[in-house]
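Trainee: After the structure tokens below, expect a handful of questions from me.
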Amino acid sequence: MSSKSNDLLSTVPGLYRGPGGAAAIIRNGNVESQMAWGYADLDRGIPMTTKTHFPICSISKQMLCLVIASLRKEPTSLIEKSSGTLDEQLSAELKRMLPELMGSADSELTVQDLVNMQSGIRDYWAMTVLWGAKPDDPFSIAHDAPRALERTKSYHFETGREFSYSNVNFHIVARAVETVSGQSLGQLLAERVFKPAGMKNAALAPNTAGPPLPIIGYEGSEKTGYLPAINRIEWSGDAGIVATLEDMIAYESWLETTYAESGSLYNTIAEQQKYKDGTLAAYGNGLVRMKLAGKDTIGHSGGLRGFRLQRLHVPSEHLSVVVLFNHEANVGAAAENILKLEFDVKEPPKTTPIKPASEWKGAFLDAKTQLLIQVDVNDANELFISIAGPAKMQLINETHAEHRAMTADIYSDKLHVNHIQANKEYYAERVQKPKGVEGAPPPKIDYVGRYYCGEVESTFSVTGTGAMLYGSFTGYLGNGPIHLMKYVGEDIWLLSCPRSMDAPAPGEWTIVFKRGGDGTVEGVTVGCWLARKINFVKQKN
């Protein structure tokens with residue numbers, strides 16, 4: 001094993017502190033370094049090892065895509081007996097599963113749109129908030145997921161035109177693959193991915209309430225203390241695989257040795273995808289393409305309450321990095337930092353900082369999506385733009401800023417963001433906030449009441465008074481928790497959602513109240529980046 005690689009991995013536990021973890025560096029299909037540290041279970045003092053199982057969460061997505069690539073080459077007997085190609089059979093199954101979405105003759109939704117995150121379908125884990133789920137509630141594949149699909153009746157953007165992360169895409173594909181192939185996803189993964197990759201201990205374990213012992217995932221931090229995370233959802237296709245570090249090393253070795261082989265499973269799914277307009281997409285087949293440490297990199301992260309996971313592959317260097325945490329530290333930063341140290345990436349020389357224009361700071365509403373974009377400038381004059389989470393921007397000049405996923409320009413009260421990674425442009429206008437004492441009630445306070453959305457079958461209840469409002473949702477999953485709401489300006493509020501069934505949670509939902517011709521509130525639009533523009537109508541008492 002490489003002493004340099006050992007030194008690199010030895011920095012991870014101290015920089016990204018928490019109960020425990022495991023990590024490895026693999027080059028040319030061989031392990032350069034691997035280590036496990038800390039505890040799988042703090043209360044019982046059980047050490048973390050390279051044989052400890054982790055739920056690898058969304059890293060499972062690419063493995064479903066490997067299964068599909070395998071079925072195209074070697075179909076099951078049921079696929080061979082049925083009429084049409086695999087893709088034609090899957091398309092027919094999609095129409096059966098999604099009658100509301102695919103009922104029209106011109107519906108263009110394909111399996112490829114789903115696995116490229118270009119479907120335009122709202123994420124079902126975000127939607128569980130609107131359906132009244134509590135963060136620790138159970139969610140069943142057999143009973144709850146079909147009811148979620150029944151309430152999936154529209155898109156939040158045109159299929160194939162944009163990117164938006166949606167776990168339900170892979171849930172749908174997995175169920176269609178099981179039906180068409182005549183085999184369970186667990187069997188397909190075991191035969192077509194785990195066995196050829198040499199992942200001896202990997203398995204599909206959909207129920208997050210019982211990951212293979214002894215591992216425990218932890219919420220919290222060193223400052224607040226660590227608490228065992230409670231998870232009770234089931235998922236399969238969008239996540240669900242459990243694997244050890246040794247399994248992930250075997251997986252990376254298998255991928256590396258087959259990457260350059262034309263027509264291999266990994267070579268097939270790693271081909272860069274496009275949008276309908278021909279623009280190259282950063283996401284496709286459960287893989288994210290990015291530039292890290294100056295190198296073209298392919299990978300994916302994973303997350304569940306109490307767990308954070310990352311795999312990265314740098315094909316040009318025949319190098320892979322795997323980092324697994326049973327806590328919620330920034331695993332992506334940890335994996336990227338290993339690459340930077342591996343490739344001796346030096347921080348650019350410090351230059352005279354650019355002072356951002358005063359117009360940057362504030363909240364801006366994009367009229368098309370009805371999403372709030374927040375811009376903040378800290379005391380060090382660093383600029384952060386939040387759409388799907390805060391992104392630290394680099395100022396090129398006082399009114400133009402860039403990030404690897406987006407660019408932004410400020411023109412007085414107008415904000416233009418080109419979200420390159422999502423193939424999406426936002427044209428947002430500043431939300432005007434009345435002058436006065438911070439925390440004072442808004443000019444109009446007629447928001448309290450009940451609102452209903454027939455499409456998703458959800459009731460939104462607003463209570464409270466003045467600037468302290470509360471929101472909660474009721475739907476087929478129950479009566480959800482009460483969330484705090486914060487006034488932004490005009491008729492716009494934010495609803496805080498730091499915890500939900502999936503992790504990370506949606507965060508903040510944009511709440512835009514709508515007024516009729518007589519000036520009274522008659523509805524509200526609710527949305528977040530994962531589930532946009534859901535319209536509710538105010539109910540009469």
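Trainee: For segment 6-42, enumerate the residues that are in contact with a helix residue (DSSP H, G or I) (Cβ under 8 Å, 6 or more places away or on another chain) and within 19 Å of Gly225 (Cβ to Cβ). Talk me through it step by step, then tell me what you get.
Mentor: First, pick out the residues of segment 6-42 that are in contact with a helix residue (DSSP H, G or I) (Cβ under 8 Å, 6 or more places away or on another chain): 8-9, 11-12, 15-16, 21-38.
Listed by number, the residues that qualify are Tyr16, Gly21, Gly38.
Trainee: Can you report the number of residues in segment 351-391 which are hydrophobic (A, V, I, L, M, F, W, C) and touching a residue at least 60 places away in the same chain (Cβ under 8 Å)?
Mentor: So the answer is 8.
Trainee: Answer yes or no as to whether Leu341 is over 22 Å from Lys51 (Cα atoms) and either open to solvent by 10 Å² or more (accessible area, probe 1.4 Å) or in a strand (DSSP E or B) (or both).
Mentor: Details: over 22 Å from Lys51 (Cα atoms): yes; either open to solvent by 10 Å² or more (accessible area, probe 1.4 Å) or in a strand (DSSP E or B) (or both): yes.
So Leu341 passes the test.
Trainee: Does segment 80-90 contain at least one residue that is part of a loop (DSSP other than H, G, I, E, B), among the aliphatic types (A, V, I, L, M) and buried (at least 17 other Cβ atoms within 10 Å of the Cβ)?
Mentor: Checked segment 80-90: no residue is part of a loop (DSSP other than H, G, I, E, B), among the aliphatic types (A, V, I, L, M) and buried (at least 17 other Cβ atoms within 10 Å of the Cβ).
Trainee: Give me a count of the residues in segment 509-523 that are open to solvent by 30 Å² or more (accessible area, probe 1.4 Å) and in contact (Cβ under 8 Å) with a residue 60 or more places away in the chain.
Mentor: Residues that pass the stated criteria total 1.
Trainee: Mind checking which helices (runs of 4 or more DSSP H) fall wholly inside segment 98-214 and carry at least 1 residues that are closer than 30 Å to Lys368 by Cβ, touching a helix residue (DSSP H, G or I) at 6+ places or on another chain (Cβ under 9 Å) and open to solvent by less than 50 Å² (accessible area, probe 1.4 Å)?
Mentor: In segment 98-214, 99-102, 111-115, 124-130, 144-150, 167-181 are the helices (runs of 4 or more DSSP H) which contain 1 or more residues that are closer than 30 Å to Lys368 by Cβ, touching a helix residue (DSSP H, G or I) at 6+ places or on another chain (Cβ under 9 Å) and open to solvent by less than 50 Å² (accessible area, probe 1.4 Å).
Trainee: Which one of these is out of contact with any Pro (no Cβ under 7 Å at 6 or more places or on another chain), in a loop (DSSP other than H, G, I, E, B) and at pLDDT 95 or above: Lys350, Lys368?
Mentor: Residue meeting the stated conditions: Lys368.
Trainee: Looking only at residues that are touching a His at 6+ places or on another chain (Cβ under 9 Å) and open to solvent by less than 40 Å² (accessible area, probe 1.4 Å) in segment 243-265, which one is nearest to Ile338 (Cα to Cα)? Full working, then the answer.
Mentor: Keep residues of segment 243-265 that are touching a His at 6+ places or on another chain (Cβ under 9 Å), which gives 243-244, 247, 252, 255-256, 259.
Cutting the leftovers down to open to solvent by less than 40 Å² (accessible area, probe 1.4 Å) gives us 243-244, 247, 252, 255-256.
Details: Ala243: 22, Thr244: 20, Asp247: 20, Glu252: 16, Leu255: 20, Glu256: 18 Å.
That would be Glu252.
Conditions tested, residue by residue: (1) in a helix (DSSP H, G or I); (2) under 23 Å from Ala203 (Cβ atoms); (3) not aliphatic (A, V, I, L, M).
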| residue | (1), (2), (3) |
| --- | --- |
| Asp238 | no, yes, yes |
| Val242 | no, yes, no |
| Met248 | yes, yes, no |
| Trp254 | yes, yes, yes |
| Ser262 | no, no, yes |
| Tyr266 | yes, yes, yes |
| Gly278 | no, no, yes |
| Asp296 | no, no, yes |
| His300 | no, yes, yes |
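Trainee: Would you pick out the residues in segment 4-30 that are of a type in the set (A, V, I, L, M) and surrounded by 20 or more Cβ atoms within 10 Å (Cβ to Cβ)? Step through it out loud before you land on a result.
Mentor: Within segment 4-30, the subset of a type in the set (A, V, I, L, M) is 8-9, 12, 15, 22-26.
Answer for segment 4-30, where residues must be of a type in the set (A, V, I, L, M) and surrounded by 20 or more Cβ atoms within 10 Å (Cβ to Cβ): Leu8, Leu9, Val12, Ala22, Ala23, Ala24, Ile25, Ile26.
Trainee: Restricting to segment 397-426, what's the tally of residues that are surrounded by 13 or more Cβ atoms within 10 Å (Cβ to Cβ) and part of a strand (DSSP E or B)?
Mentor: Summing the residues that are surrounded by 13 or more Cβ atoms within 10 Å (Cβ to Cβ) and part of a strand (DSSP E or B) in segment 397-426 gives 18.
Trainee: Looking at Met35 and the list (1) assigned to a loop (DSSP other than H, G, I, E, B); (2) within 16 Å of Ala334 (Cα to Cα); (3) open to solvent by 40 Å² or more (accessible area, probe 1.4 Å), which single condition is not satisfied?
Mentor: All conditions pass for Met35, except number (1).
Trainee: Go through segment 427-452 residue by residue and tally those that are among the basic types (Lys, Arg) and surrounded by fewer than 15 Cβ atoms within 10 Å (Cβ to Cβ).
Mentor: 2
Trainee: For Arg499, state whether it is of a type in the set (Lys, Arg), at negative phi, open to solvent by 40 Å² or more (accessible area, probe 1.4 Å) and at pLDDT below 95.
Mentor: Details: of a type in the set (Lys, Arg): yes; at negative phi: yes; open to solvent by 40 Å² or more (accessible area, probe 1.4 Å): yes; at pLDDT below 95: yes.
When the stated conditions are applied, Arg499 passes them.
The values are calculated or read from the model by the stated rules, or taken from the named source; none is laboratory data. Only a predicted model underlies this, so the values are computations on that prediction, with no experimental measurement involved. All Cβ positions, even for glycine, are placed from backbone atoms using ideal geometry, and neighbour counts span all protein chains on display. What goes into the accessible areas is simple: the full protein's heavy atoms, side chains included, and nothing from ligands, DNA or RNA. Shrake-Rupley method; radii C 1.70, N 1.55, O 1.52, S 1.80 Å.
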